[in-house]
Structure formats: structure tokens, C-alpha cells
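Here is the structure we will look at.
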Amino acid sequence: MFRLVATDLDGTLLRSDKTISKETEEFLSSLYEKDIFFVPTTGRSHRELPDPVRRIEHLRYAITCNGGGVYDFDEQRYIYNFTIDKELAERVLRYSESLPVYPSFVCDGKRYVLTEADGKISDYVLRRAAAGVLDLAQPSRNLFATLQEMTSGLQKIFLYSKDDDLTPGIIARLKEEFPELFITTSGPIFIEINAAGIDKGKTLRLLCEHLNIPIEESVAFGDAANDLAMLKAAGCAVVPANGTDEAKALADINCESCDDDGVRKALERLISQDGYGEAGRNMV
């Protein structure tokens, strides 16, 4: 049996309109009664969790910023916080000036976004960003000056590619220039940069250790490149029908799409042990 559910949000738990069904909300709230932890595991910061997720009852932990932090909502603090030091972050931001991207970064759960000359966030970024992510963002005309005001390193640097087709080439250039960082993507224009060795998989392991839960007793749901390490780490990897081929190659279970309540339906079958049998690398 499993004791922890770690699920990506955008493209996995959340439907295309960034909502979840009432049935899924109620089901996830009921996991607490079964002594199962529900843990959103996302590229978003803890401040950016959408309302449908925040409404899930007994929500205590969230793995945020692609593994850059674990936030404890009860204690209102990070129990793990992995950052890119300010000097290295400045080098990345300087380098990004030569790339066709819009830069932003997250520090202590707050996102700062470079604005246009008029002080407004680019209409392109506003259109393409996940719904709700920029609602609390802080516009900045000078990210370097903003960076110097920070009292700690950055949990994540986030670049919005100006063209879907350019994203793979931009990622390749960044990996060559900054091999000491973890660089991945969660969608066509999203380029996500974390401290070395930090990803959703590593942080899932740390949270399981913190809760005295064997990693084999975790189930992970994910759909994209930034979920691969988590899918590899968990006791059982589940990928929705809309997931990438890379993610599906790691799946122990394939479930319905995010728009068809795939996470809930998979968990219902796993809990009842009806329909999946002995699915999972280490689960029975």
C-alpha cells in the first residue's frame, strides 16, 4: 500500500482550464483519513498554488519550484530550501540577455518578472504563463537590482522562450554554459533552472525521509520533462494520456488524461487494488 501521493499540477492534476473536478477535490481531501499524504509537486512556488489545490483539506506539504523547496503550510516555513547563489544567478541572468527569452526568478516563494520598458509584464508572457502563476508576481524593470535586494539565493530561475521552436536550442546552450545547474522544461516555452542536483525526485526522497515513509510507498504522477526524476524515484510512476513520450517511457501505469480526472481515477483503482493488480516497481 502507498502512504504518499506526489502529483505534478499543470498537465497532470489540473485540467486544461486549471481547475479540478469537485469529485477529485473531495477524493484528495479524503486521503488524510486513509493516512495518505497528498503532496502537490510543482514548478510553481507555494504562493502560486491554484485555489482548487489550496482547498484540498489537510494539505500540509508542497514540493515547489521543481524541488527547490518543501513548504510546510502548518508551520508556514520551508523545511527544505535549495537555492542558486546570487553570484551564479547573476551570471545566468546576464547570459539570458543574449537569448530570445523573458527572464524571471523565484526567491522565498515570490516570483519576480522582468517588465517591458513601460513597466508592464509582456503580453506574450501573460498569455502563455500558467493561469494564476503571475497573479502575485512582482514586476521588475531591473532584475539585477532586484536580485541584489534579496537576502538569500534563488529557488529557481524561470525563462519564457519567445518561440516554442527555440526552446530546445536555448536549453542546450544553457546546459553547455552552466553544467553545474539543473536545467529542464515543463512545457513548450518554459525553461526552468535549479541548483545543481536539485529536482523533484531528490526532494521527494527527502520529504519521504522526513516523514519516515519508505520511498517505495510513494506514488508519483507527472507528464513532462521536469517530472522525470520524480517518476524514476517513486515506488510507482503514473503518467496521464496527455503526457510526453519521455514520461510515458517511465510509467508503471498509464491513466486517463488530466482533462478526464486521470489522477483520481488511478488512485481509486490503486486503493481498491482493482484494475492495476501488482502495478508498480516496488508495490504490491
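Values quoted throughout were computed directly from the atomic coordinates according to the rules given, and no laboratory measurement underlies them. Given the structure is predicted, the values throughout are model-derived calculations rather than measurements. All Cβ positions, glycine included, derive from the backbone under ideal geometry; neighbour counts span all protein chains shown.
Taking Cα atoms only, the orientation of helix 167-177 departs from the longest principal axis of the chain by about 70 degrees.
Sparse packing (at most 10 other Cβ atoms within 10 Å of the Cβ) combined with a DSSP loop state is found for the following GluC sites (Glu not before Pro) in the stretch 160-244: Glu180. Fully extending the segment from Glu216 to Met1, taken as 0.36 nm per residue of separation minus the present Cα-Cα distance, adds 76.5 nm. Going through the cross-link list Lys22/Lys175; Lys120/Lys248; Lys156/Lys265; Lys18/Lys156; Lys120/Lys200; Lys22/Lys120, which pairs have a Cα-Cα distance over 30 Å in this structure? From Lys22/Lys175; Lys120/Lys248; Lys156/Lys265; Lys18/Lys156; Lys120/Lys200; Lys22/Lys120, over 30 Å: Lys22/Lys175; Lys120/Lys248; Lys156/Lys265; Lys120/Lys200; Lys22/Lys120.
Angle, helix 262-272 long axis vs. longest principal axis of the chain, Cα atoms, 0 to 90°, nearest 10? With rounding to tens, the tilt is 30 degrees. Loop-located GluC sites (Glu not before Pro) in the stretch 44-115 (DSSP state other than H, G, I, E, B) with a sparse environment of at most 13 neighbouring Cβ atoms within 10 Å: Glu57, Glu75, Glu97.
Over the chain, dividing the summed -39,500 (n - 2.57) contributions of all DSSP H runs of at least 4 residues by the number of residues returns a 222 nm mean residue ellipticity of -7500 deg cm²/dmol. The C-alpha atoms of the chain define a longest principal axis, and helix 86-96 lies at about 80 degrees to it. Counting every C-alpha pair in the chain, the share spaced more than 34 angstrom apart comes to 16%.
As a calculated quantity, the FRET efficiency between Arg47 and Ser272 at R0 = 30 Å, using C-beta atoms, amounts to about 0.25. Computed from phi, the 3J(HN,Hα) profile of the stretch 241-250 under the Karplus parametrisation 6.51, -1.76, 1.60 (θ = phi - 60°) reads 4, 8, x, 6, 4, 4, 5, 4, 5, 9 Hz, with x in place of Gly and Pro. The modelled label-to-label distance for the pair Arg60/Asp260, using points 7 Å beyond Cα in the direction of Cβ, is 3.5 nm. Distance distribution note for the stretch 86-194: the fraction of Cα pairs above 19 angstrom is 39%.
For the stretch 144-161, the residues whose amide N sits under 15 Å from a probe point set 7 Å from the Cα of Arg91 along the beta carbon direction are 154.
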